[in-house]
Amino acid sequence: MVDPFTVHERSRIMQAIRGKDTKPEMLVRRLVESLGLGFRVHWRNLLGAPDIAFPSYRKVIFIQGCFWHRHTCRKGRSIPSTHKRFWLDKLARNRRRDAVVRRAINRLGWRVLTVWECQTHRAKLGVLERRIRRFLDSPPTGSVGSRSLRRAEPNSTDKPARRRLRPRTRKRTRQK
């Protein structure tokens, strides 16, 4: 299929694609805000600057576009018809980088949830909300590799306390 746009028009269109504050990301943020939890956005203290980070829970959420990060859905399997070699190389680099970032964050004792663009459609919001709740309600990781979140005594059988989600309460100001 021939591209209906000129080279310059296509270039302008591709440059307009944002990496932050995308529609799927804003939707997931609103879902997390409705849970009443505090979080950081594009937190630069961790490799990959996760889209949403919960430092107190040691958990992060990456919201990824299906095409750019090669999801298994229809959109993620499509390949542009022009400059195929360039696009295949670029998209493969994105996948490798995502795997490196995920492993590095896991080694630091953080848990990672990946939300794909196709999972943020209106019909799937209930499933996505339950998935996020389950992820945030699960206990933080124990010891990972050589680092440990908590130093346990040898032969100790006690387990780390499970963190429960509690809505953040806000101070109410009295109206005069």
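The values are calculated or read from the model by the stated rules, or taken from the named source; none is laboratory data. The model shown is predicted, which means the values in this text are computed figures rather than measured ones. Because the Cβ atoms are built from the backbone with ideal geometry, glycine has one as well, and the counts that use them run over all protein chains shown.
What the table shows:
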{"item": "Enumeration of residues in segment 48-88 that are closer than 29 Å to residue 11 by Cα and aliphatic (A, V, I, L, M)", "result": "49, 63, 79, 88"}
{"item": "Criterion (exposed (fewer than 14 other Cβ atoms within 10 Å of the Cβ), over 18 Å from residue 136 (Cβ atoms) and of a type outside the set (D, E, K, R)) met by exactly one of 67, 86", "result": "86"}
{"item": "Test: residue in segment 43-54 that is of a type in the set (Lys, Arg) and either touching a residue at least 40 places away in the same chain (Cβ under 8 Å) or surrounded by 14 or more Cβ atoms within 10 Å (Cβ to Cβ) (or both)", "result": "no"}
{"item": "Listing of helices (runs of 4 or more DSSP H) fully contained in segment 2-95 that carry 3 or more residues being within 22 Å of residue 133 (Cβ to Cβ) and at pLDDT 90 or above", "result": "23-34"}
{"item": "Test: residue in segment 103-121 that is of a type in the set (A, V, I, L, M, F, W, C), surrounded by 10 or more Cβ atoms within 10 Å (Cβ to Cβ), modelled with pLDDT under 90 and not in a helix (DSSP H, G or I)", "result": "no"}
{"item": "Qualifying residues in segment 22-42 (those that are without any contact (Cβ under 8 Å) to a residue 24 or more places away in the chain and in contact with a strand residue (DSSP E or B) (Cβ under 8 Å, 6 or more places away or on another chain)) - the one nearest to residue 137 (Cα to Cα)", "result": "39"}
{"item": "Scope segment 4-34; condition surrounded by 10 or more Cβ atoms within 10 Å (Cβ to Cβ), among the β-branched types (Val, Ile, Thr) and over 13 Å from the mean Cα position of the chain (by Cα); matching residues", "result": "13, 17"}
